[in-house]
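Engineer: Submitted below is the structure of interest, expressed as structure tokens.
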Amino acid sequence: MEDFDFDYWRQLAETDPSAYFKAREETIRHFISSVPEHEKMLTELQFQIDGIRLMAASPVQACQRLFGLMEDNLHMLGSSLGELGKEAQSLGGLLERIQPAT
């Protein structure tokens, strides 16, 4: 997305909303298909994002809910990272016990 042109997208949204949403959908689909190893996960995430945006009473509410979703996922990722660290320490301790001293 390094060539993202905010002004182009803003102008398109202001002057032709239907073209904006069509181009937005095509751009999202193109990006998702560009990473086939994560395509399923990204498609599911985009479905979730679209659902939140659709159900929100306003753009501000949609942003708040999406921020909450990101925050929840970051907390889960942090917990998983902490668990991984504990497991790595346990494995390190086990390896020290079973490897002969050199």
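The values are calculated or read from the model by the stated rules, or taken from the named source; none is laboratory data. Since we're looking at a predicted model, the values are computed, not measured. Backbone-built Cβ (ideal geometry, glycine too); neighbour counts: all protein chains shown.
Engineer: Is it the case that some residue within the stretch 24-35 is exposed (fewer than 10 other Cβ atoms within 10 Å of the Cβ), modelled with pLDDT of 95 or more and more than 16 Å from the chain's Cα centre (by Cα)?
Structural biologist: Among the residues of the stretch 24-35, not one is exposed (fewer than 10 other Cβ atoms within 10 Å of the Cβ), modelled with pLDDT of 95 or more and more than 16 Å from the chain's Cα centre (by Cα), which makes the answer no.
Engineer: Would you be able to say whether some residue in the stretch 12-19 is in contact with a Phe, Trp or Tyr (Cβ under 9 Å, 6 or more places away or on another chain) and outside any helix (DSSP H, G or I)?
Structural biologist: Scanning the stretch 12-19, I find no residue that is in contact with a Phe, Trp or Tyr (Cβ under 9 Å, 6 or more places away or on another chain) and outside any helix (DSSP H, G or I), so the answer is no.
Engineer: Now for a separate question. For the stretch 41-50, does any single residue satisfy the condition of being in a helix (DSSP H, G or I) and either small (G, A, S) or in contact with a His (Cβ under 7 Å, 6 or more places away or on another chain) (or both)?
Structural biologist: Among the residues of the stretch 41-50, not one is in a helix (DSSP H, G or I) and either small (G, A, S) or in contact with a His (Cβ under 7 Å, 6 or more places away or on another chain) (or both), which makes the answer no.
Engineer: Which of (1) in contact with a Leu (Cβ under 9 Å, 6 or more places away or on another chain); (2) free of Cβ contacts under 8 Å to residues at least 12 places away in the same chain is the odd one out, the single condition I32 does not satisfy?
Structural biologist: Single failed check for I32: (2).
Engineer: Continuing with this model, one more query. Which residues, taken from the stretch 55-69, are assigned to a helix (DSSP H, G or I) and loosely packed, with under 10 Cβ neighbours inside 10 Å?
Structural biologist: First, the residues of the stretch 55-69 that are assigned to a helix (DSSP H, G or I): 55, 59-69.
Answer for the stretch 55-69, where residues must be assigned to a helix (DSSP H, G or I) and loosely packed, with under 10 Cβ neighbours inside 10 Å: P59, V60.
Engineer: Which residue pairs have Cβ atoms closer than 8 Å, lie 6 or more positions apart in sequence or on different chains, and pair a first residue in the stretch 51-79 that is within 19 Å of F21 (Cβ to Cβ) with a second residue that is among the hydroxyl-bearing types (S, T, Y) and surrounded by fewer than 11 Cβ atoms within 10 Å (Cβ to Cβ)?
Structural biologist: none
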